[in-house]
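The values are calculated or read from the model by the stated rules, or taken from the named source; none is laboratory data. The shown structure was predicted, so the numbers you read here are calculated from the model rather than taken from an experiment. Please note: Cβ atoms are built from the backbone with ideal geometry, for glycine as well, and neighbour counts cover all protein chains shown. Heads up: the accessible areas ignore ligands, DNA and RNA and are worked out on the full protein's heavy atoms, side chains in. Shrake-Rupley method; radii C 1.70, N 1.55, O 1.52, S 1.80 Å.
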Amino acid sequence: MGPKFQVFIFICCLCLIDQTTGMRGGKDKDSKQGAGRCEGWEIDLRNNLTDPGNISEYINDFYENISDLSPGCVRSFSLNVTHSNLVELMKLLNAKYDYLNPGTRKQIYKWVEDIYTKTPGPGMDIWKPKPHERKSKNPDESNNPEKGPTDLQKWSQDTVWSKDEVCQLFKTSSDLLDKLFDLTPVQARIFLKGLYNCIDVDTKNETVIANLGQLVCFYPTKQLKSLSMKAIKALQDKLRNCTRNTKKIYRALVEVIGVNISSAENLKDLGDAAIGLKISQLSKLKKEVVVGAIEELKNVRGWSKGQAKVFVKKYMEAENVTAEKLKKLGYLTFGFGAKTFKKFKGQELLDAFTVKEVSESVNFMLPVQKNLIVERILESVEIDSALELLPETLVSEIPVKKLLKAGNFSNLDFVSKNRPWNKGQSVVAIDRVKDQLNDVKNISKLKAVVKGIPCSLINTLKPDVVKALANNPLVSSNQIKELKLIPRILCPNMVELISQANITMLPRSSPRRKELLNYTKDCLNLTASAMTEDEGNSLGSLVCAFSPDDINNLNNTVFLAIVDQLRECGRFDEAKKIALRQKILSAYPPLIKWTVDELTELRSLLAVLTYEDFKSIPNNDDIQTALLEILSSYKSVKNFVPPDFDNSPNFSALYQKVFSMLNNASENNRRKRAPVCSKRPTEEEIEALGEANIFWTVEQLMCISVEDFINSLDTLTQVEGFNIDQLNVLKSKALEAFSNKTSNEQLASLKRITLGFDENEVTQYFTAPDIDTIGAISDNKEWASTEYSSRAKTIVKNFLGQRSDSELSSADLVAMGYFLCTRSPSEIKNINVIAYSNAAQEIGEIMCPNIETLTALKNKAVEAYSSVDTWTGAQLQEIGVVAAGLSAEEVPKLMTSAVSFLKPGAVSKIPPKIFSAMTIEQLRNLGPRNYGAVTDAQKAALSKEKLQALQENAGFERAIDNAGAIFWNPVMILTLLVLSLTATLH
């Protein structure tokens, strides 16, 4: 076709909503890298910077474009910029900081640093803008001072400050220190060390402490003993403004103060420091003391589940908790059990949960607590009224069936509110307002509900409406579908668009990843060995598609420039891990010389290193603090994640490093059978280690003191990696702590540790478990396994007592969790259909291993939602994994337009023979995440034609026309965003 050769490719848009990939979110535009040097408006900006006039008059002309400023362009900026122009530009850049890509941020700082160090002129004091609160992409967060870094944090987080600079900054910019909300522990420690060396700055003085700003959130606990009572009071006042966990400081403060809480006044005087009280200390408080201090304690944040339960229990011993008193419990409300909420009327609960502190406590509640609250509210409050008043923390708990009756769901302005609607709710909302969406203004209003837009609706929208939808940052990867017809000559423009894509939204096995990279490399004539920093930055997330050879061939300078992009890729296969490890070892200093800088720059990429590598990294407080901070920022995901989308880094070697540092023990010493209690794990060590507690030996766990066990129980019960021997020891330690007499409340506090109870102990201790006990321990999937089945059935039998399955409420069903998997088909058949319907969303998250159980639950779903051929996308979302119980006759009846809303967990559980009954069109419309959940056995059961249709979801070619243009699957990636980029060559 000569110069008119045209290529059809798909573009994967950035996804920030409803994607459970096992990675932390919030990438914003971090993957976007502008290509090349200055182009278009960038040239005007660069030229104007050196103009002798003042650019303040037209700087706003660049406001909309500045977020697209490329690293290469910044690199070409002159150092001879005028004083006033530099100040004006920095104001604009700070306002758009969140929207700049990492490469641009890095180059901006380097440019300003060069101005400061290489030329006489404005200097650092000039370009540091006036502190301001970061503007968030989320309009509702724009005025929240707790969100993100300020200017000092933004542009100088990697700076080495001299003693004089630190002292000068403290004396002249104390208001700026108040806004350093994103300080890391290591940065704070370095800053504090600098202040210690200031001649006229005493960090133990109450006036100095009052001016430390966010640095007080990292105040050294060893120094607390030297503080006067005035200084301690000043410290407590400032700690209230901290947004990070300061419990360690409060705990040390409590010890220093030496509190003897004999009256409510003593407890109130502690204020926020009360969260530093240990469970063993709280247990000794008199109930009258708690009641007298509740007005002060209700506003305190940071309580652990154990602490809240102790306070609530003592409060209930002294007071009859009425609806009005419930409001007064504030942040402590999550300490109430579900059975307590059951006593209140719906309107009473709705009134109570409109109180800010009470509604925020929902964030720490179990599913059974939230379900019961919403169920009670909807029993007596009209759905429209409930929707208007229900706090955001409870919105996602509303069943789809209830929403179908909501009149205000037909109001576009209402459904466009930025509320945390789940995907099923979003589908309902979109269906109600779809006739109003073929309008640019209306579609632009959509926020969270945008994830409910189906492919069929996108196909009916006008081009300008689709373009408006394309600008919505909340659109998910399952909404990326359209072909792009791009003349070959325009491929540089196409590459810039591709660089904005997030290819981690495609399955790792998708050939499309490599094809997009190859297209880009061919277009720009790139090779890994000759690649420049600018070119590497221009690739965005395409670096995730690099082969091991590509990684090996990168020069070290380019590799260092794209580390920010590589660490967003998540998990790598073994070959890439080996290549990345070798490149890290060659590009960075020897491991023995590593500092905090290397660790914080690599972050998730540390997962490619071996434990032998980590043993070479120095052991010091700063390194330990940095590693703990990195580990704390990555949370495991409990819900099912398709293996092809599991991007959570494997930090096992890093956990082992942290453990060895905290215990000053070699690997050999940990594995050997140590003398009895030669090492006794302390409460402080257990809390600091988190998941790394798995490296304690059975003998060491046996040596935990009873007091330390009780005080660290909240941490121990969150460790997911304990093996059965460790769980058995912890169970024995619990029985020792509870004097072999366990209440339901104590059993509930053990959570995962209850898996350590054997058959006889289950019979002995679980004599009458209540809804809160069951709800606290039922999220452990082991209860549904063959090994634990007998014990689970005993627990359920004792939970039911004299009740039948037909008497179970929706809250009971939610509380049962994986215990529900042990019920027989006949027992499930007896479940009340309304109770099932109200609990369907939570039941749909349970990955029952037995297909007979799922089939029985599916039959209940048919009873609740009518026949399978009528199931909508919203209903499939709510039914969840239960859809895996469909028969070979039912599967083909699912609406093709709805199958993309099947949950990946459901897809993975469908037996291969039944999966093969899906039609070609159903398979073609399954979607990329669902494709990632399909097992090898399921693929093997498909015919050649059906397998080809399925693979189109991952980007496999569908056909090639006789003119030579490649046609990527026209229904690829299901409902993708149509970005109209058609162009014509003349």
Simple label model, 7 Å out from Cα along Cβ direction - I851 to K797, nm: 2.9 nm
Segment A530-S283, length gained on full extension (0.36 nm per residue, minus Cα span): 82.3 nm
With all protein chains present, the stretch 594-650 has a carbon and sulfur share of its accessible area (1.4 Å probe) in percent of 46 percent
Per residue, in Å², the accessible surface of the stretch 720-800 once ligands and nucleic acids are set aside, probe 1.4 Å: 41 Å²
With all protein chains present, how much of the accessible area of the stretch 807-946 (probe radius 1.4 Å) comes from carbon and sulfur, to the nearest whole percent? 54 percent
What's the local net charge at S529, with K and R +1, D and E -1, over the other residues with C-beta under 15 Å away? -2
Quick one: which of 819-831, 590-602 comes out on top by average Cβ neighbours within 10 Å, and what's the full order, highest first? 819-831, 590-602
Rounded to one decimal in nm, the spacing of the 7 Å Cα→Cβ label points at K638 and K434 is 3.4 nm
Excluding residues on the same chain fewer than 8 positions from K913, give the lysines whose Cα lies under 17 Å from its Cα. K893, K939, K944, K946
Under 20 Å from the Cα of K417, which lysines turn up, not counting those fewer than eight places away in the same chain? K135, K137, K356, K402, K405, K434, K441, K445, K447, K451
In the neighborhood of A323, defined by Cβ-to-Cβ distances under 10 Å, what is the net charge if each Lys or Arg adds +1 and each Asp or Glu adds -1? +1
Mind ranking 280-287, 299-306, 426-433 by how tightly packed they are, going by the mean number of other C-beta atoms within 10 angstrom, highest first? 426-433, 299-306, 280-287
Set the Förster distance to 56 Å, then compute FRET efficiency between V706 and E379 from the Cβ-Cβ distance, nearest 0.05. 0.80
Lys and Arg at +1, Asp and Glu at -1: add these up for the other residues within a Cβ distance under 11 Å of N711 and post the number. -4
At a probe size of 1.4 Å, how large is the accessible area of R680, to the nearest 10 Å²? 110 Å²
Expected output is a single nm value to one decimal: the length gained when fully extending between N363 and I257, i.e. 0.36 nm times separation in residues minus the C-alpha distance. What is it? 35.0 nm
Given the peptides 185-196, 401-412, arrange them by the average over their residues of other C-beta atoms within 10 Å, most packed first. 185-196, 401-412
Suppose R0 equals 41 Å; then what is the FRET efficiency for I724 and T935 from their Cβ-Cβ distance, rounded to the nearest 0.05? 0.90
For the stretch 205-327, dividing by residue count, accessible area per residue (probe 1.4 Å) in Å² works out to 46 Å²
Calculate, for T595 and K781, the FRET efficiency according to 1/(1 + (r/R0)^6) with r their C-beta to C-beta distance and R0 45 Å; round to the nearest 0.05. 0.65
Under 19 Å from the Cα of K793, which lysines turn up, not counting those fewer than eight places away in the same chain? K751, K781, K829
Cross-link list K96/K193; K204/K248; K314/K343: which exceed 23 angstrom alpha carbon to alpha carbon? K96/K193
